[in-house]
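These notes are about the structure you will find just below.
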Amino acid sequence: MLYIYKLKKENNQSKMSLSKFATSINCIDGRIQLLISNWIKQKYSVDYVDVITHPGSDKVMAEKNIDRIAEIKSKVVISINAHNSKLVVVSGHHDCAANLSTKDIHVIQIRKSINIVKSWRLQVSVVGLWINDQWEIEQVQE
Ligand SMILES: [Zn+2]
């Protein structure tokens, strides 16, 4: 039994090391978690999405709150170093309790978020998403 268990564990470990990860910085809102993760998995053919949440993350990034951005960055770096993530996704969403801005303002904040993540020079692609009032994902162009 022990032997079989060990074999299974090793198989799992080797599978894990081959798994592809992406990283998402998004709001804490429960309505968007699976939506964003599943979209990223399908679109970029990754197995797992590491999620870094903060209420109204697009606003936090755009308002240049240095302490909070440093905290978010440290979590992104863990995801990249531990899981070899090659993609960081930033987003904002409709009906955000922590960011009651209009869509236009959200989109500006998402663009600013993209630029902040790019300024970290982490050798990753950076993508921005807007989750609209139909709970659909729109890609935000830079
Ligand atoms: Zn929100």
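Every number here is computed from the coordinates shown, using simple stated rules; none is lab data. The shown structure was predicted, so the numbers you read here are calculated from the model rather than taken from an experiment. All Cβ positions, even for glycine, are placed from backbone atoms using ideal geometry, and neighbour counts span all protein chains on display.
From the convex hull of the Cα coordinates of the chain, what is the mean projected area in square nanometres? Walk me through the numbers before you get to the answer.
Values: hull surface 38.2 nm².
With every direction weighted equally, the projected area is 9.6 nm².
Taking only DSSP H segments of four or more residues, each worth -39500 (n - 2.57), what value at 222 nm results for the chain once the sum is divided by all its residues, to the nearest 500 deg cm²/dmol?
Per the formula, -16000 deg cm²/dmol.
Can you tally the net charge around residue 97? Count Lys and Arg as +1, Asp and Glu as -1, for every other residue whose Cβ sits under 14 Å from the Cβ of residue 97.
Net local charge, residue 97 excluded: -1.
Tell me the net charge near residue 64. Cut-off is 14 Å between Cβ atoms, residue 64 excluded, with +1 for each Lys or Arg and -1 for each Asp or Glu.
+1
Rounding to the nearest 10 and keeping the result within 0 to 90°, find how far the Cα-based axis of helix 66-83 lies from the longest principal axis of the chain.
Relative to the chain, helix 66-83 is tipped by roughly 30 degrees.
From Cα pairs below 8 angstrom and at least 6 apart in sequence, can you work out the relative contact order of the chain, rounded to a whole percent?
Once divided by the residue count of the chain, the mean separation gives 24 percent.
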